[in-house]
Amino acid sequence: MISQTKGIVIKTISYGESGLVVKIFTEELGMQSFMVKGIGGKRSKNKSAFFQPLNLLDLVVYHKENQGLHHIKEVQPDYIYQHLHSDVIKRALLVFVNELLYKSLHEEMPNKPLFQWLHHALVWLDLADRHVADFHLIVMMELTKYLGFYPKKEPARIHTVFDMEEGIFGNRLPLHPYYITGETVDQMNRLMEASFDQNNNYAFTNAQRRDLLEALIVFYKLHLPAFSGFKSLEILKMVID
């Protein structure tokens, strides 16, 4: 069946001398893998530059149910980044978010709200002229809504504990060691209220960013059993600091 869809490139692996296997999160088909041949040929319509991580594409694809690899009939950029690849901080954020999505998104079922939110987030990062240092934190928090473990709150005006195993803000220490207290709980609450367009009102210090990032990584590991560590983490910390 031929399908037309937008897509976000998640992972590209070389195959043979001139082929690629590309994992793409698509708007209409969910996460899918595609075989792309003839990348090295002069007459190839499928240019390797199209398939850089987190590129936004317009696709016409051959898709068959219960088949692991599909094929691309036509591909064009849906949006061409203007600043993202030339800005050191934005580039580091892009690499980290790409790794986050690769480790988190596995469903083949379509999720249009998630796709549209990610598309908006990436275009926002490209065009933003300031206040981008908290971008990865907002992405990690918002993504939990779509992955099914967005934090909940007990009925109370003030919360002093965040139980990461249960995903609940409250005032009682759990019996297990996976919880945070103190200032980091306040910052986690602030993060839940932040958005890309208004994150200048919620800017964190470098120390707060480090604490939040470490807490969110533990939170992800608790709720996504296959979730592993980040190769891009040290580079991101160095650039953000």
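Within 19 Å of Leu143 (Cβ to Cβ) and in the same structural domain as Asp134 (by TED's automatic domain parsing): is that true of Ala226 in this structure?
Judged against the criteria, Ala226 is a match.
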*Enumerate the helices (runs of 4 or more DSSP H) found wholly within the range 155-241, keeping only those where 1 or more residues are small (Gly, Ala, Ser).*
206-223
*Out of (1) in a loop (DSSP other than H, G, I, E, B); (2) assigned by TED's automatic domain parsing to the domain that holds Asp197; (3) farther than 30 Å from Lys237 by Cβ, the odd one out for Pro113 is which?*
(1)
*asked:* Return the pair list, or none, for Cβ contacts closer than 7 Å from residues in the range 112-130 that are more than 16 Å from Ile10 (Cα to Cα) to residues that are outside any helix (DSSP H, G or I) and among the hydroxyl-bearing types (Ser, Thr, Tyr), at least 6 apart or on different chains.
replied: Asp126/Tyr81
*Looking at the range 55-72, is at least one residue closer than 30 Å to Asn189 by Cα and part of a loop (DSSP other than H, G, I, E, B)?*
no
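Being touching a residue at least 60 places away in the same chain (Cβ under 8 Å), surrounded by 15 or more Cβ atoms within 10 Å (Cβ to Cβ) and not aromatic (Phe, Trp, Tyr) narrows it down to one of Ala203, Ala194, so name that one. Give the derivation first.
On the way: Ala203 fails: surrounded by 15 or more Cβ atoms within 10 Å (Cβ to Cβ).
Going through Ala203, Ala194 in turn, the sole match is Ala194.
If you check Val61 against the conditions, is it farther than 21 Å from Val123 by Cβ, in contact (Cβ under 8 Å) with a residue 12 or more places away in the chain and either out of contact with any strand residue (DSSP E or B) (no Cβ under 6 Å at 6 or more places or on another chain) or not assigned by TED's automatic domain parsing to the domain that holds Lys112 (or both)? Walk me through it before giving the result.
Values: farther than 21 Å from Val123 by Cβ: yes; in contact (Cβ under 8 Å) with a residue 12 or more places away in the chain: yes; either out of contact with any strand residue (DSSP E or B) (no Cβ under 6 Å at 6 or more places or on another chain) or not assigned by TED's automatic domain parsing to the domain that holds Lys112 (or both): yes.
Answer is yes for this residue.
Right, Tyr102: assigned to a helix (DSSP H, G or I), in contact with a Lys or Arg (Cβ under 7 Å, 6 or more places away or on another chain) and closer than 30 Å to Glu65 by Cβ or not? Give the derivation first.
Values: assigned to a helix (DSSP H, G or I): yes; in contact with a Lys or Arg (Cβ under 7 Å, 6 or more places away or on another chain): yes; closer than 30 Å to Glu65 by Cβ: yes.
Yes, satisfied.
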*asked:* Taking the conditions exactly as written (more than 22 Å from the chain's Cα centre (by Cα), at pLDDT 90 or above and of a type in the set (A, V, I, L, M)), does Ala156 satisfy them or not?
replied: no
*asked:* Please go through the range 15-29 and give me each residue that is under 15 Å from Leu69 (Cβ atoms) and either in contact with a strand residue (DSSP E or B) (Cβ under 7 Å, 6 or more places away or on another chain) or touching a residue at least 60 places away in the same chain (Cβ under 8 Å) (or both), ordered by number.
replied: Tyr15, Gly19, Leu20, Val21, Val22, Lys23, Ile24, Thr26, Leu29
*Does the range 133-152 include one or more residues that are exposed (fewer than 15 other Cβ atoms within 10 Å of the Cβ), among the small types (Gly, Ala, Ser) and either without any contact (Cβ under 8 Å) to a residue 60 or more places away in the chain or assigned to a loop (DSSP other than H, G, I, E, B) (or both)?*
yes
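Yes or no, residue by residue, for (1) of a type in the set (Phe, Trp, Tyr); (2) surrounded by 13 or more Cβ atoms within 10 Å (Cβ to Cβ):
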residue	(1), (2)
Val21	no, yes
Ile24	no, yes
Ser33	no, yes
Tyr62	yes, yes
Gln67	no, no
Asp78	no, yes
Leu101	no, yes
Ser104	no, yes
Lys112	no, no
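The values are calculated or read from the model by the stated rules, or taken from the named source; none is laboratory data. Note that this is a predicted model, so its numbers are computed, not measured. When we count neighbours, we look across all protein chains shown, and the Cβ atoms used for this are built from the backbone with ideal geometry, even at glycine.
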